[in-house]
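The values are calculated or read from the model by the stated rules, or taken from the named source; none is laboratory data. Since the structure is predicted, the reported quantities are computational estimates derived from the model, not experimental observations. Neighbour counts are summed over all protein chains in view; Cβ atoms, including those assigned to glycine, are modelled from backbone coordinates with ideal geometry. Ligands, DNA and RNA are excluded from the accessible area calculation, which covers all protein heavy atoms including side chains. Shrake-Rupley method; radii C 1.70, N 1.55, O 1.52, S 1.80 Å.
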Amino acid sequence: MAQFSKEIKKIAVYTSGGDAPGMNAAIRAAVRVAISSQLEVVGVIGGYSGFLEKQIQTLSLRDMANIIQRGGTILKTGRCPEFLKQEYREKAADFIQAEKIDGMICIGGDGSFTGAHMLWDEFKIPIVGVPGTIDNDIWGSENTIGFDTAVNTALEAIDKIRDTAASHDRLFIVEVMGRNSGFIAAYVGLAGGAEGIFVPENPISVEKVIEKIKSGLSRGKKSSILVAAEGQKPGRAYDLAEQIRKKSGFDAKVCILGHQQRGGSPTASDRILASRLGAAAVTTLLENECDVMMGVQSSRVVRVPFSDAVSKEKELDKEYLKLASLLST
Ligand code: ADP
Ligand code: F6P
């Protein structure tokens with residue numbers, strides 16, 4: 001957390017990293033609060049690349065019309081490997097200063113916040129973060145924008161798959177997103193009644209899952225759903241299916257949900273979270289505070305230092321996994 005002294009007259013808003021449903025609602029909240037506080041607002045297009053390619057546009061109240069319900073991000077997003085190098089961050093800082101941008105709002109995940117923290121550290125550019133990622137893996141906020149929508153999207157798919165699983169007495173493995181994080185898998189697994197959940201944080205053995213399926217079969221349970229986070233290798237559900245086939249002879253059908261989890265209209269919960277955090281980010285800048293992310297803890301909006309948000313590990317509550325296992329007998 002840091003304080004700065006200059007008066008804020010003009011701010012820039014950008015989205016960075018993977019898109020997440022609700023990013024538009026956060027942009028809308030930030031822009032409308034800023035304009036109602038007499039600030040000038042520009043949007044930077046395409047994340048950190050937008051600073052290097054000088055892609056910015058003025059944003060008005062009307063530009064925010066009809067976007068609260070839209071997935072994706074009207075400002076575009078992306079990954080910008082150059083930003084890992086100081087020379088490119090310096091180029092971006094020169095552009096920010098030339099455009100007379102006094103403060104910025106970064107909507108993204110921990111990688112984007114690391115870049116934002118560096119812009120403060122190296123060039124004293126005041127930035128406030130808003131956590132937008134479907135993975136829900138940012139320390140300091142109980143929820144991130146997009147997570148609830150992604151869980152509901154995956155759940156809808158699982159409910160449909162369950163119809164086929166039950167009709168054909170089949171075993172399914174549904175792969176959800178989450179490279180290093182099992183939040184989506186754990187929540188969807190619990191809400192969808194999964195018989196087994198594979199998450200990176202708490203690996204379970206294929207043997208244990210097979211045992212559970214066999215025990216279900218002996219009690220007349222003829223179909224099962226397993227949920228697996230993609231982990232380091234999207235498509236790992238096929239490896240799991242092959243292992244299960246080799247070790248038990250069971251034929252597991254695979255369904256990979258993929259990027260549909262990143263899209264779609266945000267849920268009410270994500271729109272509300274995005275509106276609260278986007279608005280609070282502007283208030284924080286107007287109070288001359290920066291180098292922080294807005295988060296939600298016990299339903300209250302809080303300020304979390306970027307240094308904590310990017311360095312601390314948000315733990316998945318293992319109770320979700322235990323409960324899902326207990327309830328899916
Ligand atoms: P997310 O913000 O969703 O975690 P990424 O990890 O892909 O997504 O990060 C988004 C962008 O943030 C990267 O493409 C890069 O431009 C910037 N970034 C990530 N890590 C760093 C870093 N260590 N230093 C500077 N910039 C970074
Ligand atoms: O946004 C987070 C995330 O969905 C991860 O769960 C996933 O591994 C990654 O993004 C994939 O992103 P992309 O396809 O954009 O590289």
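Side notes on the structure shown:
- Subset of region 79-90 that is without any contact (Cβ under 8 Å) to a residue 60 or more places away in the chain and of a type in the set (Lys, Arg) - its residue that is farthest from ligand 2 (Cβ to nearest atom): 89
- Complete set of residues in region 98-132 that are of a type in the set (Val, Ile, Thr), open to solvent by less than 20 Å² (accessible area, probe 1.4 Å) and touching a residue at least 60 places away in the same chain (Cβ under 8 Å): 101, 105, 107, 127, 128, 130
- Counting the residues of region 49-59 that are in contact with a strand residue (DSSP E or B) (Cβ under 8 Å, 6 or more places away or on another chain) and outside any strand (DSSP E or B) gives 4.
- Just one of the numbered conditions (1) part of a helix (DSSP H, G or I); (2) within 12 Å of ligand 1 (Cβ to nearest atom); (3) under 23 Å from the mean Cα position of the chain (by Cα) is not true of residue 148: (2).
- Index of the failed condition, residue 249 passing every other in (1) free of Cβ contacts under 8 Å to residues at least 12 places away in the same chain; (2) surrounded by 13 or more Cβ atoms within 10 Å (Cβ to Cβ): (2)
- For region 77-93, the condition holds for no residue, the condition being that it is in a strand (DSSP E or B) and in the same structural domain as residue 130 (by TED's automatic domain parsing).
- Flag if residue 21 is surrounded by fewer than 17 Cβ atoms within 10 Å (Cβ to Cβ), of a type outside the set (S, T, N, Q), within 16 Å of ligand 1 (Cβ to nearest atom) and closer than 30 Å to residue 177 by Cα: no
- Take the conditions (1) away from ligand 2 (no atom under 16 Å from the Cβ); (2) open to solvent by 20 Å² or more (accessible area, probe 1.4 Å); residue 76 misses just one of them, which is (1).
- Filter result for residue 24 (in a loop (DSSP other than H, G, I, E, B), polar (S, T, N, Q) and at pLDDT 95 or above): no
- Residue match in region 263-271 (condition: within 16 Å of ligand 2 (Cβ to nearest atom) and in a helix (DSSP H, G or I)): yes
- Counting the residues of region 185-228 that are in contact with an Asp or Glu (Cβ under 7 Å, 6 or more places away or on another chain), within 22 Å of residue 153 (Cβ to Cβ) and either at pLDDT below 95 or among the hydrophobic types (A, V, I, L, M, F, W, C) (or both) gives 3.
- Of all residues in region 156-165, one or more are touching a helix residue (DSSP H, G or I) at 6+ places or on another chain (Cβ under 6 Å) and modelled with pLDDT of 95 or more.
- Which numbered condition residue 232 fails, given (1) polar (S, T, N, Q); (2) open to solvent by 10 Å² or more (accessible area, probe 1.4 Å); (3) modelled with pLDDT of 95 or more: (3)
- Subset of region 293-329 [open to solvent by 70 Å² or more (accessible area, probe 1.4 Å) and part of a strand (DSSP E or B)]: 297, 300, 303
- Only listed residue being part of a strand (DSSP E or B) and open to solvent by less than 70 Å² (accessible area, probe 1.4 Å), chosen from 285, 240, 226: 226
- The set of residues from region 155-212 being in a loop (DSSP other than H, G, I, E, B) and within 16 Å of ligand 2 (Cβ to nearest atom) comprises 177, 178, 179, 180, 181, 182, 199, 200, 201.
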